[in-house]
Amino acid sequence: MDKNIKKQNVYVSEEEKTLVWENVHESFKKNFGSEIYNSWLQKISLVKEYNDYLILGVPTRFFRDWIVSRYLDKILELVKVFKLSLTRIEFKIIEENKAQEYVKINELNKVTEIKDSILNYNRLNPSLNFESFVKGSSNDIALSYSKKVCEHLSRHNPFYICGGVGLGKTHLLNAIGLELQNDNNVMFISAERFMYHFIKSIKKNDMVNFKDFFRKSSVFIIDDIQFISGKESLQEEFFHTFNSLMEKGSQIIISSDRTPLKLDRIQDRIKSRLAGGLVVDIEIPDLELKKKIIAKKIDEMQDQFKESINLSEEVISYIASESKTNIRELIGILNRVIAFSRVHNKVLSILDCKNILKDVFSQIRVITVDKIQNTVSNYFNIALSEMLSQRRSRPLARPRQIAMYLAKKLTTRSLPEIGRRFANRDHTTVIHAVKTITRLADQDDEMKKNINQIKSLLLEQ
Ligand code: ADP
Ligand code: MG
C-alpha cells in the first residue's frame, strides 16, 4: 500500500515539473566526462518536451548518427532520472544559431500548453498506423480485429488487447485512433495520464470538467490499464466513466500487459466489465516476423535518408535471432547497427554487429540481483519480503525460484553469492531453483512467457 502512494506522488510531482535542461547538461558532463561532453553533448539542445518523449536538437546529421550509435542509451538513462515517464528520444537537425530560437518558441508554447493541458495528451502519432504495422503469426488476430473494430464500431465492446511490453499494443491503439479520428470524437490516453488528470482535477476541485471531458468521447482508447491496479479511487472513477461511455454506445478500446482476469488489485466488477467484450492477445514475435519488421524498417529509413542501406541477409538473421525479448528492443538494435554502418560508411559483417551489440548490451543491461528481485516480486504482485521469506507455498516459492534462476542467468554473481542475497540460502537451493525453472521453461508455455516478460521488464529499466 505504502509503495503505491509513493509511486503516485512520484509520478504527480514528476509530471508537474518540466525538464530543467541545464540540470540534464550538468549530469551529462558528470557522467560522460568533459572530453565527450565538450565535443558532443554540449551541443544538444531541448527542442520539445512531451509526456513520454523528447525532441532534441543537434547541429548535423553526422552528429546525430554519432550520438545515436554511441551514446543514446546512456543519454536516455540519464534524462530518465529527471523525467521518469520518458520512453524515447528523437533528434532533429537544427543549425546551431537556430537552436536558441527553438528554445524560446518552446517556452512560449508552454503557456498555452498548460492552459490547454487537458486537450494536450490526445495526441496520436501519425507514423504508428496500420500500414507500418507488420503482420505475423503472433499478432495476426489482434491486427485483424483492430481493423474490424474500426469498420464496425461498438460491435466488439470493449475491445481489449493484451501482451507483454514492446510487442505493439500502443502501436495498434494508435492506429485505431488514427483510422477513426476523422469521423469520431476520439480520446486516446494512457492510464497513467488519466490518473494524472484525475488527481489534478480533484486538487483543483474541478471534477465536473473532468467527467464531462472524458464522457463526451465517442471512441475512448486507454493504454496500459494495468496501471490503475491498487488505486481505489481511480478505479472508482474509471468504472463510472466506463459505464457511462458504454451506455451511450461509445467504443472503448483498452490495452494491458495481461488478460483482464489476471489483473491484480483491480476490482472484480471492473475486471468482468473489461472481459465482457472481445479480448485479443499479442504474442512474442517469431523469427519470420522479426525479419519482416527489419526489412520494413530498412525501407522506411531508406526513404527517410534518401540513401540505400545495405545489410546482408546474414546480418539481418543475426539481429533477428539476437533480439529475444520484444520488438522495441529489436528496432533499437537495428537503429544502432544502421547508424554505425552509415557513420562508417561500410557494409557490416557479423563480427562488426557483434561488437556493436556488445557495447549496446553492456550499456543497457546492468542487471543486478536487487533489480531482479524487485521486478519479479512486482510482476507476481507479492511483497519482496514474502518472496525472500522461508515460506514454501507455491505462490511464493515459484517467483523466488524464478528470481534465483534469472540472477544466475543475467548477472555474474556466483551461486553462493546469489544464495546469500536470498535471505542466506544455501547454494544448493539456488542450483535446485535453476534446474527446476530451466525444466519448466522448456515444458510449460506459461512459464516461458512469464520469464520472457520479466526479462523484457528488466531490460526496459
Ligand atoms: P507496447 O505498447 O506493446 O509496449 P509498442 O506498441 O510501443 O509496444 O511497440 C514497440 C515498438 O515496436 C514501436 O516502435 C512499434 O512501432 C514497434 N512495433 C511493434 N509491433 C510492430 C509490428 N508488428 N510492426 C512494426 N512495428 C512494430
Ligand atoms: Mg505501450
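Annotations for the structure displayed:
- Which listed residue, of Ala423, Ala407, Ala433, Ala383, is without any contact (Cβ under 8 Å) to a residue 12 or more places away in the chain and either of a type in the set (A, V, I, L, M, F, W, C) or buried (at least 17 other Cβ atoms within 10 Å of the Cβ) (or both): Ala383
- Inclusion of Leu178 among residues that are within 16 Å of ligand 2 (Cβ to nearest atom), modelled with pLDDT of 90 or more, surrounded by fewer than 23 Cβ atoms within 10 Å (Cβ to Cβ) and closer than 30 Å to Gly136 by Cα is warranted.
- Breaking point among (1) open to solvent by 30 Å² or more (accessible area, probe 1.4 Å); (2) at pLDDT 75 or above; (3) not in a strand (DSSP E or B), for Ala142: (1)
- Among the residues making up region 181-223, those that are among the basic types (Lys, Arg) and away from ligand 2 (no atom under 16 Å from the Cβ) are Lys200, Lys203, Lys204, Lys211, Arg215, Lys216.
- Filter pass, Ile319 being in a helix (DSSP H, G or I), under 30 Å from Val149 (Cβ atoms) and open to solvent by less than 60 Å² (accessible area, probe 1.4 Å): no
- Among residues of region 70-79, those that are open to solvent by less than 20 Å² (accessible area, probe 1.4 Å) and out of contact with any Ser or Thr (no Cβ under 9 Å at 6 or more places or on another chain), counted: 1
- Here the condition is being farther than 27 Å from Lys148 by Cα, open to solvent by 10 Å² or more (accessible area, probe 1.4 Å) and assigned to a loop (DSSP other than H, G, I, E, B); of Asn184, Asn205, it holds for Asn205 alone.
- Test result for Arg193, open to solvent by less than 50 Å² (accessible area, probe 1.4 Å) and among the basic types (Lys, Arg): yes
- Residue count, region 368-388 (criterion: over 15 Å from Gln453 (Cα atoms) and of a type outside the set (D, E, K, R)): 8
- Restricting the first member to region 192-214 and to residues that are acidic (Asp, Glu), and the second to residues that are part of a helix (DSSP H, G or I), the beta-carbon pairs closer than 9 Å and six or more apart or on different chains are Glu192/Tyr11; Glu192/Glu15; Glu192/Phe227; Asp206/Lys200.
- With a requirement of 2 or more residues that are modelled with pLDDT of 90 or more and under 19 Å from the mean Cα position of the chain (by Cα), the helices (runs of 4 or more DSSP H) lying completely within region 327-384 that satisfy it span 327-343, 369-379.
- Only one entry in Lys448, Lys455 is open to solvent by 50 Å² or more (accessible area, probe 1.4 Å), in a helix (DSSP H, G or I) and closer than 30 Å to Leu86 by Cβ, namely Lys455.
- Of all residues in region 39-59, those that are open to solvent by 40 Å² or more (accessible area, probe 1.4 Å), out of contact with any Phe, Trp or Tyr (no Cβ under 9 Å at 6 or more places or on another chain) and under 19 Å from Arg342 (Cβ atoms) total 0.
- Within region 126-177, being without any contact (Cβ under 8 Å) to a residue 60 or more places away in the chain and away from ligand 1 (no atom under 13 Å from the Cβ) holds for Lys147, Lys148, Cys150, Glu151, His152, Arg155.
- From Ser127, Ser137, residue being surrounded by fewer than 23 Cβ atoms within 10 Å (Cβ to Cβ), assigned to a loop (DSSP other than H, G, I, E, B) and modelled with pLDDT of 95 or more: Ser137
- Under the condition of being within 16 Å of ligand 2 (Cβ to nearest atom) and basic (Lys, Arg), the residues counted in region 234-288 number 1.
- Just one residue in the set Phe227, Phe194, Phe239 is over 22 Å from Gly177 (Cβ atoms) and hydrophobic (A, V, I, L, M, F, W, C); that residue is Phe239.
The values are calculated or read from the model by the stated rules, or taken from the named source; none is laboratory data. This one's a predicted model, so the numbers in the text were calculated from it and none came from an experiment. Reconstructed Cβ throughout: ideal geometry from the backbone, glycine too, with neighbour counts over all protein chains shown. For the accessible areas, the whole protein counts, side chains as well, though only heavy atoms, and no ligand, DNA or RNA atoms are used. Shrake-Rupley method; radii C 1.70, N 1.55, O 1.52, S 1.80 Å.
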